[in-house]
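The values are calculated or read from the model by the stated rules, or taken from the named source; none is laboratory data. Model, not experiment: these values are computed from the prediction. All Cβ positions, glycine included, derive from the backbone under ideal geometry; neighbour counts span all protein chains shown.
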Amino acid sequence: MPTTAPAPVPTLAGIVGDYVRALEPGHAVWVDGAGRAAAGGARFDVRDPSTGAVIAGVSDGTVADAAAAVDAAAAALPGWSATAPRERGETLRRGFELMREHAAELAALMSWENGKALADSRAEAAYAAEFFRWYAEEAVRTEGEYGPAPAGATRTIVTHRPVGVAALVTPWNFPAAMATRKIAPALAAGCTVVLKPASETPLTALAIARILRTAGVPAGVVNVVPTTSARDVVAAWLADPRVRKLSFTGSTEVGSALLSRAAGRVVNTSMELGGNAPFVVTADADVAAAVRGATVAKFRNGGQACTAANRFYVHADVADAFLERFGATVERLVVGPAVDQTTAIGPLINPRAVDDVRALVEGAVAEGATVTHRAAVPEHTGGSYYPPTVLAGVPATASILTTEIFGPVAPVVTWTDEARLLEHVNAGESGLAAYVYSADLRAAMRLAESIEAGMVGINRGIVSDPAAPFGGLKQSGLGREGGRHGLREFQETQYFSVDWE
Ligand code: NAD
C-alpha cells in the first residue's frame, strides 16, 4: 500500500501571522470587534510547554479593559438578542464552517500554546467547531407554552429569554472547546459575552473571536480579555450590574470561591469543575477493548482532562491480563514535542504540573504502590514532560485515588466485591465522569446507575459529545453544557398571565 506523507504542520509564525498578529496592536485584548492594547500597555508571556520558550507576548487585560468589554457587550445586547433566531443560527453555522476550514491552523496553535499532541489538538479543533454547528441548529428551538390556568379565568404563556451579558471563564486544558462550549449556546440564546481565557492559552480564544467576527458576529457580541489578573477581572465582572451570568470551567476550589462571590449579586451561575473519574472493569469484560478505552480515557491530552480516568478498578479475575496489556501499551506511547507528527503524548502545561504529579506518584509509592510500567520521555528539551506511568498494588485508601492527578498516571486497584467497589467509587465529593467496561450490558447499566457521576461511558473511553449534556454531580459542578440543556443555561424563563374574562 502506498503511504502518503502527513500534511505539514502550520508553523507558529504562519499561524501568528494569520490569526493573532492580525489582531494589531500585538496579541490584543479583543473588545467591540477589534484588537487593542491593554489599558496601561502591559503584556505577559505565553510559553511553549514543549520547550519552555516564550512564543508570544499578549496584552495583559486590566479591570479597565474588563469594564470596556462589558460596555461593548451591553451595547451589543439589544441588537443581538433582537436578531432573528434563524439569523443567529446561520451566523453560528458560518463560524462552524470557518473553524472547520482553519482546523489545521487552530490545532497547531493549540499544540504550540498548550503542548497537546497534534492528534489531540486536531480532535479538539473538530470537537470545538461542533458546538457552533449544534447550536446553529438549536438557536431556532426556543419553544414556549400556552394554556389555560387551572381556574380558567386567565391564560398562561411561558417563554425563554436571553439571560443578558454573560461572563465566561475557561481553563487552559481545552483552549478551544471550553470556549466554544460556552460561546455557542450563549450566542444562540441571544446573549452577548465577555470571555477570560486562561493566561497559559489565550491565543486560541483570540483566534476564535476573530473567526467569529469574520463569520459575521457583530462587534461587541464576543469580547475576550486575556489577563494575569484573573481574580480582579472576574471580580469586576461579578460586581457589574450589567453582567447577569457567570459560566465557569476550572477547578472546584476556584469555582467554589466564585460561587460565593456571585451570591453577593445573586448572579446566575453554571459551574464545570474538577473530576476524579473511576474506570471500572468487570470480570467478564473484553480486556483488549478495556485497554483501548483506558488508554483514551487516561492519556487523552496527557491526562489533563476533567473527564480523565483517574483510578482504575479492575476485577481480580482479569487484573493480570489487563495490567500486562495496558502496561505494554503505555510503554510504547511516544512522548515528545507537541507539534512533532510522531508524538502521542506532549508535555504537561508547565514545570509546576510536573512537580505536582511527581509528588503524587512518590506519595503513592510510599503508601505501598509499585510503578510497573513507564514510557520514556525526551531529556534536556526545556519542556515539562512526565512519563506515562502505571501504578499497581495501590491501596484503596491511597491519596492518589482521592486527588485529581491531571497527568499521565494510571493507578490500578483490584476488586472482587461489587458493594465494596461502589463504596470506593462513590467516596469523595467528585462526580463528573466514570467509565464501565463489561460484556453484559445490563450489568454495566446497573453499575452505571449506581455510580454518582454526571456522565458514564459504557464500553467507551470518551463521553464528550456536543449533543449531550456535559456536567457533574456533587462538587463537580452545577448545570450542563452541550445538548439542548446547554442553551437553557443562557436563558431565563418568563411567564405572562393574561386576563381572559
Ligand atoms: P483553575 O480553576 O485554576 O482556572 C480556571 C480559570 O479560572 C482560568 O481562566 C483561571 O485564570 C481562572 N482563575 C483562577 N483563579 C481565579 C480567581 N481567583 N478568580 C477568578 N478566576 C480565576 O483551573 P485550571 O488549572 O485552569 O484547569 C484545571 C481544572 O479545570 C481541573 O480541576 C479540571 O478538572 C477542571 N476542568 C473542568 C472541566 C469541566 O467541564 N468540568 C473541563 C476542563 C477542566
Checklist entry - Gln475 versus (1) within 13 Å of the ligand (Cβ to nearest atom); (2) free of Cβ contacts under 8 Å to residues at least 60 places away in the same chain; (3) not in a loop (DSSP other than H, G, I, E, B): which is the lone unmet condition? => result (2)
Next on the checklist: Could you tell me how many of the residues in segment 64-83 are within 15 Å of Leu168 (Cα to Cα), touching a strand residue (DSSP E or B) at 6+ places or on another chain (Cβ under 6 Å) and surrounded by fewer than 22 Cβ atoms within 10 Å (Cβ to Cβ)?
Outcome noted: 1
Checklist entry - Which of the following residues is part of a loop (DSSP other than H, G, I, E, B) and either acidic (Asp, Glu) or within 16 Å of the ligand (Cβ to nearest atom) (or both): Glu324, Glu331, Glu379, Glu362? => result Glu379
Checklist outcome for this item: Per the list (1) within 16 Å of the ligand (Cβ to nearest atom); (2) within 20 Å of Gly293 (Cβ to Cβ); (3) among the basic types (Lys, Arg), residue check on Arg442 breaks on (1)
Checklist entry - What tally of residues in segment 478-501 results from selecting those that are within 15 Å of the ligand (Cβ to nearest atom) and either under 17 Å from Leu246 (Cβ atoms) or in a helix (DSSP H, G or I) (or both)? => result 8
Checklist entry - In segment 394-413, how many are modelled with pLDDT of 95 or more and surrounded by fewer than 17 Cβ atoms within 10 Å (Cβ to Cβ)? => result 1
Next on the checklist: Tell me the residue from Ala262, Ala319 that is in a helix (DSSP H, G or I) and out of contact with any helix residue (DSSP H, G or I) (no Cβ under 9 Å at 6 or more places or on another chain), please.
Outcome noted: Ala319
Checklist outcome for this item: Residues of segment 414-433 being surrounded by fewer than 20 Cβ atoms within 10 Å (Cβ to Cβ) and within 16 Å of the ligand (Cβ to nearest atom), in sequence order, are Gly428, Glu429
Item to check | Boolean, Ala294 is more than 14 Å from the ligand (Cβ to nearest atom) and small (Gly, Ala, Ser) | outcome: yes
Next on the checklist: Residues that are surrounded by fewer than 19 Cβ atoms within 10 Å (Cβ to Cβ): list the helices (runs of 4 or more DSSP H) wholly contained in segment 84-203 that include at least 1 such residues.
Outcome noted: 85-101, 103-114, 118-138
Item to check | Tabulated pairs, segment 155-175, first closer than 23 Å to Val266 by Cα and touching a residue at least 60 places away in the same chain (Cβ under 8 Å), second part of a loop (DSSP other than H, G, I, E, B) and among the aliphatic types (A, V, I, L, M), C-beta under 8 angstrom, 6+ apart or interchain | outcome: Thr170/Ala198
Item to check | Pick from segment 331-361, criterion at pLDDT 95 or above and among the acidic types (Asp, Glu), ranking: farthest from Ile400 (Cα to Cα) | outcome: Glu331
Item to check | Qualifying residue in segment 267-281 (condition: of a type in the set (Val, Ile, Thr), away from the ligand (no atom under 16 Å from the Cβ) and surrounded by fewer than 23 Cβ atoms within 10 Å (Cβ to Cβ)) | outcome: no
Checklist entry - When you go through (1) more than 21 Å from Ala129 (Cα to Cα); (2) of a type in the set (A, V, I, L, M); (3) at pLDDT 95 or above one by one for Val46, which number turns out not to apply? => result (3)
Checklist entry - Pick from segment 213-255 the residues that are within 16 Å of the ligand (Cβ to nearest atom) and assigned to a strand (DSSP E or B): which of them is nearest to the chain's Cα centre (by Cα)? => result Thr249
Checklist outcome for this item: Expected output for segment 237-261 (first residue farther than 16 Å from Val225 by Cα, partner part of a helix (DSSP H, G or I) and more than 8 Å from the ligand (Cβ to nearest atom), Cβ below 6 Å, 6+ apart or cross-chain) is Arg242/Val70; Arg242/Ala74; Thr252/Gln475; Arg261/Leu238
Checklist entry - Given Ala184, Ala166, Ala177, Ala198, which one is within 16 Å of the ligand (Cβ to nearest atom) and in contact with a Lys or Arg (Cβ under 8 Å, 6 or more places away or on another chain)? => result Ala166
Checklist entry - within 16 Å of the ligand (Cβ to nearest atom), touching a Ser or Thr at 6+ places or on another chain (Cβ under 6 Å), among the β-branched types (Val, Ile, Thr) and outside any strand (DSSP E or B) - does that describe any residue in segment 304-311? => result no
Next on the checklist: Quick check on Val436: is it of a type in the set (Val, Ile, Thr), surrounded by 21 or more Cβ atoms within 10 Å (Cβ to Cβ), in contact with a Ser or Thr (Cβ under 8 Å, 6 or more places away or on another chain) and assigned to a strand (DSSP E or B)?
Outcome noted: yes
Item to check | segment 428-483, residues that are out of contact with any strand residue (DSSP E or B) (no Cβ under 9 Å at 6 or more places or on another chain) and among the basic types (Lys, Arg) | outcome: Arg442, Arg446, Lys474
Next on the checklist: Suppose the filter is closer than 26 Å to Ser111 by Cα and within 16 Å of the chain's Cα centre (by Cα); does Gly302 pass it?
Outcome noted: yes
Checklist outcome for this item: When every residue in segment 353-380 that is closer than 18 Å to Glu200 by Cβ and touching a residue at least 12 places away in the same chain (Cβ under 8 Å) is compared, the one surrounded by the fewest Cβ atoms within 10 Å (Cβ to Cβ) is Asp356
